[in-house]
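Peer 1: To start, I am sharing the structure in question, which I have written as structure tokens.
The values are calculated or read from the model by the stated rules, or taken from the named source; none is laboratory data. Quick caveat, the model's predicted, so the values are computed rather than measured. Every residue, glycine as well, gets a Cβ built from its backbone with ideal geometry; the counts of neighbours run over all protein chains shown. Note: accessible area is taken over every heavy atom of the protein model, side chains too, but ligands, DNA and RNA are not part of it. Shrake-Rupley method; radii C 1.70, N 1.55, O 1.52, S 1.80 Å.
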Amino acid sequence: MAEDCLFCKIVAGDIPADKVFEDDDLLAFKDINPQAPVHVLIIPKKHVPSLDGLEEGDAALMGKLMVAASRIARDLGVSGAGYRSVFNTNKDACQEVFHIHLHLLGGRKFSWPPG
Ligand code: 5GP
Ligand code: ZN
């Protein structure tokens, strides 16, 4: 757990969240400010700041996170129509919370390129 990390506090139960999935390594919860009908954040419970600087030792954990994202999308009923999965990384991509999280957005049509 990192001091002053919002998502570590959610993992610890110090801040409430609307959870959609949890296991020993991962937590998924609804974004507080949803940008689509389905907007879930999937995080490792371990504090990893960002996709930038990810290490070889994180490979299994992040692979597990991607598999969980695939299952959550199916469980939430957006996989057939399609969904967007996004890691915002550092300033230019508007990363605000420096505990790595995969945004899973679905339930509406998205455009490309993203804004
Ligand atoms: P970022 O810009 O870092 O990729 O995204 C951070 C996300 O965390 C934003 O979509 C924001 O709405 C969400 N968020 C920020 N604070 C909270 C919170 O306290 N609870 C939940 N569930 N989501 C949060
Ligand atoms: Zn953290």
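Peer 1: When you go through (1) under 26 Å from residue 114 (Cβ atoms); (2) free of Cβ contacts under 8 Å to residues at least 60 places away in the same chain one by one for residue 55, which number turns out not to apply?
Peer 2: (1)
Peer 1: State which residue is nearest to ligand 2 (Cβ to nearest atom) when the search covers only region 93-109 and only residues that are of a type in the set (D, E, K, R) and under 24 Å from residue 82 (Cα atoms).
Peer 2: For region 93-109, the residue satisfying everything is 108.
Peer 1: (1) within 16 Å of ligand 2 (Cβ to nearest atom); (2) open to solvent by less than 60 Å² (accessible area, probe 1.4 Å): which one isn't true of residue 20, the others all being true?
Peer 2: All conditions are met except number (1).
Peer 1: If you don't mind, there's one more thing I want to ask. Could you list, in sequence order, the residues of region 90-115 that are surrounded by 17 or more Cβ atoms within 10 Å (Cβ to Cβ) and among the polar types (S, T, N, Q)?
Peer 2: If the condition is that a residue be surrounded by 17 or more Cβ atoms within 10 Å (Cβ to Cβ) and among the polar types (S, T, N, Q), then 95 is the only one that fits.
Peer 1: Continuing with the same structure: Within the bounds of region 24-31, is there any residue that is under 15 Å from residue 105 (Cα atoms), surrounded by fewer than 19 Cβ atoms within 10 Å (Cβ to Cβ) and at pLDDT 95 or above?
Peer 2: There is at least one residue in region 24-31 that is under 15 Å from residue 105 (Cα atoms), surrounded by fewer than 19 Cβ atoms within 10 Å (Cβ to Cβ) and at pLDDT 95 or above.
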